[in-house]
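Colleague: My structure is below; once you've seen it, I'll send some questions.
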Amino acid sequence: MVTKAITATTIGINSCKIEVEVDVANSLPSISIVGLPDSAVNEAKERVHSAIKNSGFSFPTGKVIVNLAPADIRKEGTNFDLPIAIGILKEQGIQIPDDDKTAFLGELSLDGSIRKVNGILPLVSGLKDCGIKTVFVPEENSKEAALVQDIKVYGAKHLGDIVNHFGETPIKQTVIDINEYLNKSLDDEYVYDFKDVKGQQKAKKALEIAAAGGHNVLMSGTPGSGKTLMAKCLASILPPLQLKEAFELTKIYSICGLLPQDNPLMTKRPFRSIHHTASQNGIIGGGSNPKPGEITLAHRGVLFLDEIVEFPRQVLEVLRQPIEDGEVVISRAKTSIKYPAKFILIGAMNPCPCGFLGDKEKQCTCSDYQIQRYRSKLSGPLLDRIDLIINVPRLTTDELINANSEAEPSAKIRERVIKAREIQAKRYEKEGIFTNSELNAKQIKIYCKTDKKTTDFLKIAAQKFQLSGRKYSRILKLARTIADLDEKNDISLEHVTQALQYREN
């Protein structure tokens with residue numbers, strides 16, 4: 001008799017329902033797993049065999065054939081251990097109901113203990129969409145699984161606990177309050193705060209605009225002018241995650257095994273700082289078995305590239321498509337996987353190789369050729385995709401040593417950012433986007449209208465600065481964010497001129 005157990009496998013940040021079919025043939029004792037398993041799934045036969053015997057149950061004496069259906073989808077990971085064991089126990093006559101609305105996920109140790117696995121949230125979320133009503137997961141993953149509403153979650157420590165659950169010792173259902181975790185993040189303190197950044201008012205305003213509208217920023221300035229510190233402070237003025245954003249971000253970090261031990265839900269926007277030696281696959285994602293890269297880990301947060309011109313040009317150029325589309329597609333011969341990548345790109349660089357071009361106190365030692373070669377590492381198409389390009393000069397002596405002049409704290413700036421984001425959320429309620437930076441060409445025509453005076457000024461500016469179509473659209477989106485910070489419905493000439501001032505290239 002063939003027995004079945006339901007489980008799932010991840011595809012990108014989504015999942016696919018898998019049926020584990022078990023049959024025992026009258027042949028020499030062995031285990032065979034078919035259905036495109038990877039090496040981790042293939043090794044399950046040894047773990048399952050020991051786990052069942054060491055849990056006090058008998059193992060079939062014939063040939064055990066395990067089929068993972070549908071057979072044309074590649075199966076990865078160790079979460080197939082538990083459903084395979086459940087299928088074999090059913091075959092042995094253990095009283096586990098043959099229910100197509102119950103699923104099992106988990107890795108087995110040799111003594112029958114159930115270990116945590118990565119990607120529980122997308123797996124359980126996908127199973128719920130397939131009509132599954134109950135899921136058994138490792139106890140360590142139970143809170144994460146319980147983030148999915150309208151599905152019963154039971155966290156088990158041992159294989160025997162699941163068998164006993166259907167007998168006289170039921171496992172307690174795991175239930176959590178998602179809002180409790182989201183509200184916790186509002187009280188968190190940040191290590192880096194804008195109150196500790198002296199001077200640099202224009203750069204601070206630019207970062208406030210970037211946070212309000214989700215715009216990309218490039219800061220150029222002499223060494224020690226505060227570029228890196230301000231980039232790190234940006235995280236402290238970003239608005240709290242909405243539930244939909246937090247859920248999406250948690251799926252990504254769950255698949256990568258990067259969820260915090262004490263928190264099943266990502267409640268803070270990520271800040272990812274990458275070293276210039278990082279590989280293309282490490283940044284974009286990929287590999288033989290594709291995994292999310294840094295741009296996906298920075299989703300709904302910040303991707304910081306310090307000394308951006310030190311990155312290989314090839315690595316910088318592959319950022320162009322994700323910046324434009326808000327997603328990255330990893331294509332392989334047999335499959336194509338899509339990962340979200342809507343992030344704020346913050347780049348920092350020196351104005352020249354020695355770093356002192358334009359400095360009032362120190363002479364630049366670079367030749368024109370060296371400066372041109374240095375700056376050419378950032379291509380025109382990449383710069384077109386950056387909304388704010390600003391100069392960060394060296395602090396004056398007064399600004400540097402005046403300890404009594406504390407700057408505006410991040411908490412105050414964050415209040416203005418949150419207000420602007422709320423305006424955008426209301427405006428784009430039916431559009432499926434969150435910020436002005438996500439507007440497409442059609443939406444720009446609807447939401448970034450200008451009066452005749454402003455339109456005439458934009459025509460002159462477009463001719464004078466030789467604006468490309470993409471750059472023109474980005475100036476309009478930037479002006480829309482500046483208007484939102486001013487709590488104005490219409491984009492005025494003042495907002496457009498201010499947006500143009502943040503294009504110092």
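The values are calculated or read from the model by the stated rules, or taken from the named source; none is laboratory data. Since the model is a prediction, treat every value here as computed from it, not as a measurement. Note that each Cβ is placed from the backbone with ideal geometry, even for glycine, and that neighbours are counted across all protein chains shown. Calculation scope for accessible area: heavy atoms of the full protein, side chains included, ligands and nucleic acids excluded. Shrake-Rupley method; radii C 1.70, N 1.55, O 1.52, S 1.80 Å.
Colleague: What is the percent of Cα-Cα separations in region 362-505 that go past 26 Å?
Modeller: 41 percent
Colleague: Another question, then. Not counting ligands, DNA or RNA, and with a 1.4 Å probe, what is Arg272's accessible surface area in Å² rounded to the nearest 10?
Modeller: About 60 Å², ignoring ligands and nucleic acids.
Colleague: Taking the alpha-carbon distance from Lys449 and a cut-off under 17 Å, which lysines remain once sequence neighbours fewer than 8 residues away in the same chain are dropped?
Modeller: Once the sequence-local lysines are set aside, what remains near Lys449 is Lys459, Lys471, Lys477, Lys488.
Colleague: For the charge dipole of the chain, defined by +1 on Lys and Arg C-beta atoms and -1 on Asp and Glu C-beta atoms about the Cα centroid, which residue among Leu265, Asn183, Ala246 has the Cα displaced farthest towards the positive pole?
Modeller: Ala246
Colleague: So for the chain, averaging the separation of alpha carbon pairs under 8 Å that are six or more residues apart and normalising by length, what relative contact order in percent results?
Modeller: 13 percent
Colleague: With +1 on each Lys and Arg Cβ and -1 on each Asp and Glu Cβ, how big is the dipole of the chain about its Cα centre, in debye rounded to the nearest 20?
Modeller: 1680 debye
Colleague: Classify region 318-386 as rounded, prolate or oblate from the Cα gyration tensor: take a ≥ b ≥ c as the square roots of its eigenvalues, call it rounded if a/c is under 1.5, otherwise prolate when a/b beats b/c and oblate if not.
Modeller: Prolate shape, in that a/c is at least 1.5 and a/b is the bigger ratio.
Colleague: Can you pull out the GluC sites (Glu not before Pro) in region 415-468 whose DSSP state is coil and whose Cβ has at most 16 other Cβ atoms within 10 Å?
Modeller: Glu429, Glu431
Colleague: Here's a follow-up. If amide H atoms are built 1.01 Å from N in the plane of the peptide, which residues on other chains or at least 5 residues away come under 5 Å of the amide H of Gly285?
Modeller: Gly293, Glu294
Colleague: Any idea what % of Cα-Cα pairs in region 313-440 are farther than 26 Å?
Modeller: 50 percent
Colleague: So, with a 1.4 angstrom probe, what is the percent of accessible area on region 1-157 that is carbon and sulfur?
Modeller: Taking all protein chains in place, region 1-157 shows 46 percent carbon and sulfur surface.
Colleague: Based on the mean of other beta carbon atoms within 10 Å per residue, what is the order of 259-268, 101-110, 222-231, 371-380, most packed first?
Modeller: Packing proxy ranking, top to bottom: 101-110, 222-231, 259-268, 371-380.
Colleague: Enter the accessible area per residue of region 422-469 (Å², integer; probe 1.4 Å; all protein chains in place).
Modeller: 71 Å²
Colleague: Starting from the exponent 0.38 and prefactor 2.2 Å, build the expected Rg for region 84-146 from its residue count and divide its actual Cα Rg by it.
Modeller: Taking N as the residue count of region 84-146, the ratio is 1.15.
Colleague: Let me check I've understood the local charge: for Asp150, count other residues with C-beta under 12 angstrom from its C-beta, Lys and Arg +1, Asp and Glu -1. What total comes out?
Modeller: After counting each charged neighbour, the total is +2.
Colleague: For the chain, what is the calculated [θ] at 222 nm in deg cm²/dmol (nearest 500), taking -39500 (n - 2.57) for each run of four or more DSSP H residues and dividing by its residue count?
Modeller: The per-residue figure over the chain is -10500 deg cm²/dmol.
Colleague: Taking amide H atoms as placed 1.01 Å from N in the peptide plane, list the residues 5 or more away in sequence, or in a different chain, whose amide H sits under 5 Å from that of Leu108.
Modeller: When sequence neighbours closer than 5 places are left aside, the close amide H contacts are Asp81, Leu82, Arg115.
Colleague: Along the charge dipole of region 443-505, pointing to its positive end and built from +1/-1 on Cβ of Lys, Arg, Asp and Glu, which listed residue (Tyr472, Thr454, Leu500) has its Cα farthest out?
Modeller: Tyr472
Colleague: Also, quick follow-up: Could you tell me the largest-minus-smallest coordinate of the C-alpha atoms of the chain on each of the three principal axes, in descending order and whole angstroms?
Modeller: Result for the chain: principal-axis Cα extents of 85, 47, 45 Å.
Colleague: Follow-up question, since we're still on this one. Take the alpha carbon atoms of region 82-151, find their center, do the same for region 264-326, and report the distance between the two centers in whole angstrom.
Modeller: Centre-to-centre (Cα) distance: 33 Å.
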